Amino acid sequence: MNVAAKQRLIAELRACGFTDEKVLAAIGAVDRERFVSSPFAERAWENTALPIAFGQTISQPLVVATMTEALHVGPRMKVLEVGTGSGYQAAVLAKLARRVYTIERYKPLSREAERLLLDLRIHNVVFDVGDGSKGWPGQAPFDRIIVTAAAEERPQALVDQLAMGGILIVPVGRDPTNQVIERIVKSEEGLHRDTLMPVRFVPLVTGALPILGQG
């Protein structure tokens, strides 16, 4: 781990207004270099998104910090992540939650992320391959749900699988140039929604899995 580069990133996040020390510690504890391909290893601790396989990305640390802080994850919570990707966000969440369930469309991405987290001795993450827009009904309800791809509209299946008092964080927007992160809080009175920040995420693809993803 490039300690100096990591410290610069954490300092940059603090300068952006992040004050949750548990979230900052979780980001600092996960070696981002392990989650990017070798051509981008020197840029791993930059505050920028980087490409990974299958046209996906590892999110910008600023976005990871924003979404993770907004989740308000506690140590006894059960979290669902839709969109495993590199496994980086799941690894950060694993430092904060009791257990993380993560779904990925592309089986090779899921398997590589699972291998990497085990290598990093992170054992409280459960992996599955499937259509993340449908959630994980067999493990619902979840205290927290985070989606790391942009949905065209609020995914009702995920809202339904959210526990009472739970929080859903999801990027929403049909136009890739006009997406925002929404935070949805579920209560007895209904759903409370607020907007966190504009973003650009890969789309949340629904329906049948690609043949490559089933191999």
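The values are calculated or read from the model by the stated rules, or taken from the named source; none is laboratory data. Here the structure is a predicted model, which means the values were calculated and not measured. In this analysis, Cβ positions are derived from the backbone assuming ideal geometry, glycine residues included, and neighbour counts consider all displayed protein chains.
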Just one listed residue, out of Glu112, Glu69, is closer than 20 Å to Gly28 by Cβ, acidic (Asp, Glu) and at pLDDT 95 or above, and it is Glu69
Considering each residue of segment 126-156, count those that are surrounded by 17 or more Cβ atoms within 10 Å (Cβ to Cβ), part of a helix (DSSP H, G or I) and in contact with a Lys or Arg (Cβ under 9 Å, 6 or more places away or on another chain), and give that number.
-> 1
(1) over 15 Å from Gln60 (Cβ atoms); (2) free of Cβ contacts under 8 Å to residues at least 12 places away in the same chain; (3) among the hydrophobic types (A, V, I, L, M, F, W, C); (4) surrounded by 14 or more Cβ atoms within 10 Å (Cβ to Cβ): which one isn't true of Ala29, the others all being true?
-> (2)
Pairs under 8 Å by beta carbon, first residue on the phi > 0 side of the Ramachandran plot and modelled with pLDDT of 90 or more in segment 164-183, partner among the basic types (Lys, Arg) and surrounded by fewer than 22 Cβ atoms within 10 Å (Cβ to Cβ), six or more apart or different chains?
-> Gly165/Lys186
Check segment 162-169 and report whether any residue there is buried (at least 22 other Cβ atoms within 10 Å of the Cβ), more than 19 Å from Pro203 (Cα to Cα) and among the aliphatic types (A, V, I, L, M).
-> yes
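For every residue, the table says whether it meets (1) surrounded by fewer than 17 Cβ atoms within 10 Å (Cβ to Cβ); (2) assigned to a helix (DSSP H, G or I); (3) touching a Leu at 6+ places or on another chain (Cβ under 8 Å).
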position	(1), (2), (3)
Arg8	yes, yes, no
Leu13	no, yes, yes
Phe18	no, no, yes
Arg34	no, yes, yes
Pro39	yes, yes, no
Thr48	yes, no, no
Thr68	no, yes, yes
Gly74	yes, no, yes
Tyr101	no, no, yes
Could you please let me know if Ala113 is small (Gly, Ala, Ser), surrounded by 16 or more Cβ atoms within 10 Å (Cβ to Cβ), under 16 Å from the mean Cα position of the chain (by Cα) and not in a helix (DSSP H, G or I)?
-> no
